[in-house]
Structure formats: C-alpha cells, structure tokens
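Engineer: Here's a structure for you.
The values are calculated or read from the model by the stated rules, or taken from the named source; none is laboratory data. If you're wondering where the values come from, they're calculated on a predicted model, not measured in any experiment. Note that we place each Cβ from the backbone using ideal geometry, even for glycine, and neighbour counts take in every protein chain shown. All accessible areas refer to the heavy atoms of the entire protein, side chains included, with ligands and DNA or RNA removed. Shrake-Rupley method; radii C 1.70, N 1.55, O 1.52, S 1.80 Å.
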Amino acid sequence: MADSCLLAKLRGLVGEAGLISDTDAMDPHLHDWRGRYRGAARCVVKPASTPELAQVVALLAREGVPMVPQAGNTGLVGGATPDASGNAVVINVSRMRRVRKVDAANNSIMVEAGCTLREVQDAAEAAGRLFPLSLAAEGSCEIGGNLSTNAGGVHVLRYGNARDLTLGLEVVLPDGRTWDGLRGLRKDNTGYDLKHLFLGAEGTLGIISAAVLKLFPRPRASAVAWLGVGNAAAAVDLLGRTAFELVVKNIPGVRPPLAGGHPWAVLVEASESLAGFDLGAELEESLMAEIESGLVADAAIARSLSQARDFWRLRESISEAQKIEGFSIKHDVSVPVSLIPNFLDRADAALEAAFPGVRIVAFGHVGDGNLHYNLSNPLGEANAELIGRSSDANRIVHDIVAELGGSISAEHGIGQLKRTELLRYKSEVEMEVMRTIKSALDPWGLMNPGKVL
Ligand SMILES: Cc1cc2nc3c(=O)[nH]c(=O)nc-3n(C[C@H](O)[C@H](O)[C@H](O)COP(=O)(O)OP(=O)(O)OC[C@H]3O[C@@H](n4cnc5c(N)ncnc54)[C@H](O)[C@@H]3O)c2cc1C
C-alpha cells in the first residue's frame, strides 16, 4: 500500500490528533533519551483507546508494516527507537492515559498504558494508598514502558519490581486481537500466567494497553539518612543504596550532605506503616552504633521532608549529571548481593589494567545486587579512544558478571544495545525457547523487530 494511502487509513482510525507525519514533529519519537540511537519512521500513531490501538495494529499487520511500541521514550537501551530504514510505524501510547478504576479495598488500580508513572503514584495517593514503583524518570516514563521493561527503581528491595507489582494486563497482540487479562487477583492458578510473557518483553510480543497494579498502605513514618562508608563491603553490610561521590559533585544546586571525602555513600530510607514508631530516633540510635563499630564513617539524618527530598535528589540526579559530563560506557548489571565487593574488586582491577586512568562511576541498588557501573576517561581524547573500545570493556565487565552468576541487564533491558551480548550469555536452550515464543505470537516478526532477539 502506498504511504499516502496507509497514512489516510491510519488517520481515519485515530483522527488528526492521533497521527504525526511531519518530519520535525516526529523527531522526538525517533531517537532515544541518551541520543545514542536515531531511526526513521513512516509516521507516529497515537491511539487514544484500546479499540483504536487494536484497529491500528490489525491494519499494520495486514499490510506487513513493522511496528515500534513507544511510551514515555525514556528507555536506556534503544528499545523504543525504530531502525533507520523508515519502514516502521511508531505506535506511541501516551494518549491512552485514563485511570480506569481505583479499588482501595482490593489495594489495586487499573490504568491505561500512557499514564505517567507519577500520575499513577498520584492517583494511588489520592485514594490513601501507595504505588511504590519509583525512578528518576517518573515524571516522563509511562506505565506501558515501565511494565515492558520490567522497571526496577529505588523501592525494589521492599516492594519488588514492575513484574511483582502487576496483577493483570490488557494487551493488543501482533495480529490486532486484544487479550483482556485485567484481573485484580492475587491468587489465580488457571494455567499459564500469560501476563509474565509481556512484562519485560520490551514490546516484542504485543502492545500493553492497560494494567491492574498492586497498591499498598502508605507508610506512616519514614526516615532518610546519607552515610559515608569506606568500602563496598560496608555498603553491602548496611544493605542500602550506593552512589559514588564523584557524580554527586556535578549536581547543580544541591550540596552533598557530608563534609570530607568518603569513597562510598549510602542512602538509607526506613519506613513503617504502623503507627507509634519514632523511626528517626531508631535510625539515629542504630547509626550511632554503626559509627562506633567503625562500619559507618559519618552520617547525616534528614531533619525535614525537604532535606530528605534533597538527599534523594542527589541520588536521582546521577544519570542527568553523567549525561552532562559526556559519553561513558554504561553497564547495568546484577550479581548476588554477597558478591558485590568481589565483582567490584575484580572489575576495577581488570579495567584499570586494560585502560589505565579509566574513571569508574559505580552506583545503584545494593539491596538488589544491581550496579550501574559506568566507565569514562576525564581526558577528552582518551575518552574517545575508550568509547571506541566499548566492546573490549563490555567483555571484561560482562564476563566477570557471568562468572559470578549475574545478569548483564538488571533493569534497563536488552533493546538494541545488548542484543549481541544476549547471544553470548544466554544458553542456546533459553534463546531457542524465547524464539519459539516470539514466533508463536508474532510469526511475521513485525512487532518491534531488531529488539531483544
Ligand atoms: C533519568 C533516568 C533514570 C532512570 N532510572 C531507572 C531506574 O531506576 N530503573 C529502571 O528500571 N529504569 C530506569 N530508567 C530507564 C527508563 O526510565 C525505564 O526503562 C522506563 O521503564 C521506560 O519507560 P518509558 O515509558 O519511557 O518506555 P519507552 O522508552 O517508551 O519504551 C521502553 C521499551 O518498552 C517498549 N514499550 C513501550 N510502551 C509499550 C507498550 N505499551 N507495550 C509494549 N511495549 C512497550 C518499547 O518498545 C521499548 O522497548 C531511567 C531512565 C532515565 C532517563
């Protein structure tokens, strides 16, 4: 079908407000947040409802047009960026943003895929509940993207990742049929649990149009502290979240809470849903004991909500700060928590030997065994050389991760970035099962081609 004819049909399905074909207007949808990937597309379609989405997908499937699902476009592995051929249509779900139902007694919320994460948090709060998924991009990323990447973030230790927070899904399959699995059940053993196929599938098996998510009681009290510690083993002992202070200094407008240089910083948040606890006092008492034992070198407890927010802002601004600094080689890895110090010792030493002068910025979620382990060189020319040797650096880091029984993608996914790495680290059996599932649901390979598999 000629492009003009296809565009006219799509416009007929989603209206003028749901179709972007102008080159400039399409631009934000054709590259990723980091600016690492850029593609082209026939157009960007923005359906406003599940029936519209289903009709769009059915039309494109009939016409054999590749489709690239997209939500907030904050993903970090190029999963929502089309390839350069210009054959694909980007299907962006941002206009599907209704909160369909809040069931406070069932501790659940039903939302459409284009609700931003913050809108879901706000809707939960308005009902006196907590939706605990939280990450620095929460004002822009959307539930469809969060579920498709099985997003992690800062509360995984206590509440789990996006997969753990999902009760039900509605999905438009690659042929345009809609699977309505919007159940708000915590127990349902009626055969295969299909939702898990689509969670973390990065849009390769279908387009998530809506979800039922778990809510929780809101904590009645919380206490936040910023700690300075001498090494990663101490951070593991404390089971908090870590940030390497090199990045902290780059964040405009926020002073690091502790004077003096500590090799590692740990951000701790304790919360309690029951009334009657003086959490601040309890945290202070236990930190005093840790300082006396020598595990913690120094600590600052937030004395106000705004100070607690400042501490968190430091943590959440790390990705932005690194973006300002220029290119770095990024790794998003996980290992068993107990092996974090082992990983850091081995990877630091191997990289320093291979790339003398390399600067390693490691931060992440110690409680989840997840580290963002980023490499750069402070000198421009040397940095260009380092970036040019990314695959050598990846090999060093990922081989050590694999030897320790870890994962080469803890929370950002595979997308385009790690497709070839996946082949190296997944077994042939795992790859074969994944390919079988893909071809059962998407035999024509039209749904987000070139991603994951
Ligand atoms: C500053 C910053 C901080 C971040 N921090 C974290 C963090 O702490 N933890 C974390 O896990 N991630 C983090 N991320 C990565 C990113 O925010 C998450 O991956 C997020 O879940 C992506 O959501 P999105 O709406 O932007 O999805 P997009 O980028 O639009 O899409 C991501 C993937 O999902 C697919 N997709 C999108 N919508 C759908 C749908 N409706 N159905 C099927 N497939 C779909 C896309 O094709 C793509 O493969 C961060 C990103 C930034 C920029």
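Engineer: Taking all protein chains as present, what is the carbon and sulfur share of the accessible area of the chain, in % to the nearest whole number, probe 1.4 Å?
Structural biologist: Roughly 52 percent of what the probe reaches on the chain is carbon or sulfur.
Engineer: To the nearest 20 Debye, how big is the dipole of the chain about its Cα centre, given +1 on the beta carbon of each Lys and Arg and -1 on that of each Asp and Glu? If you can, show how the numbers build up before the last one.
Structural biologist: Numbers: 45 positive and 54 negative charges, 243 e Å.
Dipole about the Cα centre, nearest 20: 1160 debye.
Engineer: On average, how much accessible surface per residue is there in the chain, in Å², for a 1.4 Å probe, leaving out ligands, DNA and RNA?
Structural biologist: I get 44 Å² per residue for the chain.
Engineer: Quickly estimate the mean residue ellipticity at 222 nm for the chain, helices only: each DSSP H run with n ≥ 4 gives -39500 (n - 2.57), and the total goes over all residues, rounded to 500.
Structural biologist: -10000 deg cm²/dmol
Engineer: Order of 62-75, 391-404, 431-444 by packing, highest average Cβ count within 10 Å first?
Structural biologist: Packing proxy ranking, top to bottom: 62-75, 391-404, 431-444.
Engineer: Then there's this: For residue 150, which sequence-distant residues (separation of 5 or more, or a different chain) have an amide H within less than 5 Å of its own amide H, given hydrogens modelled in the peptide plane?
Structural biologist: Amide H neighbours of residue 150, under 5 Å, 5+ apart: 200.
Engineer: Ranked from highest to lowest mean number of other Cβ atoms within 10 Å per residue, what is the order of the peptides 325-331, 87-93, 104-110, 382-388?
Structural biologist: 87-93, 325-331, 104-110, 382-388
Engineer: Still on this model: Counting pairs of alpha carbon atoms under 8 Å apart in space and at least six apart in sequence, what relative contact order in percent does the stretch 74-139 give?
Structural biologist: 24
Engineer: Let me ask another. Which residue, 334, 422, 264, has the largest displacement toward the positive end of the dipole of the chain when charges sit on each Cβ (Lys, Arg +1; Asp, Glu -1)?
Structural biologist: Farthest along the dipole direction, towards plus: 422.
Engineer: Where a ≥ b ≥ c are the square roots of the eigenvalues of the C-alpha gyration tensor, would you call the stretch 344-453 rounded, which needs a/c under 1.5, or, failing that, prolate if a/b is larger than b/c, or oblate?
Structural biologist: On the way: a/c = 2.47, a/b = 1.87, b/c = 1.32.
In terms of gyration-tensor shape, prolate.
Engineer: Another question, then. Would you count, across the chain, every pair of lysines whose alpha carbons are under 15 angstrom apart, provided the pair is eight or more residues apart or spans two chains?
Structural biologist: Total qualifying Lys-Lys pairs in the chain comes to 11.
Engineer: Let me ask you something else. Can you list residues whose amide H is under 5 Å from residue 272's amide H, if they're 5+ apart or on another chain and H is modeled 1.01 Å from N?
Structural biologist: Counting only residues 5 or more places away or on other chains, the set is 220, 221.
Engineer: Tell me the accessible surface of residue 277 in square angstrom (1.4 angstrom probe, heavy atoms of protein chains only), to the nearest ten.
Structural biologist: 90
Engineer: Would you kindly derive the ³J(HN,Hα) couplings of the stretch 198-204 from the backbone phi angles with the Karplus curve 6.51 cos²θ - 1.76 cosθ + 1.60 (θ = phi - 60°), listing them in order in whole Hz, with x for Gly and Pro?
Structural biologist: 8, 5, x, 7, 6, x, 8
Engineer: Also: Ignoring ligands, DNA and RNA, how do 125, 284, 381 rank by accessible area with a 1.4 Å probe, largest first? Show your work: numbers first, answer last.
Structural biologist: Working: 125 100, 284 75, 381 165 Å².
If we order 125, 284, 381 from most to least accessible, we get 381, 125, 284.
Engineer: Keeping all protein chains in place and using 1.4 angstrom, which order do 196, 365, 412 fall into by accessible surface area, from largest down?
Structural biologist: Ranking 196, 365, 412 by accessible area, largest first, yields 196, 412, 365.
Engineer: Mind listing the long-range amide H neighbours of residue 298? Cut-off is under 5 Å, sequence gap 5 or more, other chains count too, H placed in the peptide plane at 1.01 Å from N.
Structural biologist: For residue 298, whose amide H was placed from the backbone, the distant partners under 5 Å are 228.
Engineer: State the antiparallel share, in %, of DSSP beta bridges confined to the chain, rounding to the nearest 5.
Structural biologist: 85
Engineer: In addition: Read phi for every residue in the stretch 440-453 and hand back ³J(HN,Hα) as whole Hz from Karplus 6.51 cos²θ - 1.76 cosθ + 1.60, θ = phi - 60°, with x for Gly and Pro.
Structural biologist: Once rounded to whole Hz, the list reads 5, 8, 9, x, 8, x, 8, 8, 6, x, x, 10, 6, 8.
Engineer: From the Cα gyration tensor of the stretch 292-354, with a ≥ b ≥ c the square roots of its eigenvalues, which class applies: rounded if a/c is under 1.5, or else prolate if a/b is larger than b/c, or else oblate? Display every interim value, and only then the final one.
Structural biologist: Details: a/c = 2.49, a/b = 1.30, b/c = 1.91.
Oblate, because a/c is 1.5 or more while a/b does not exceed b/c.
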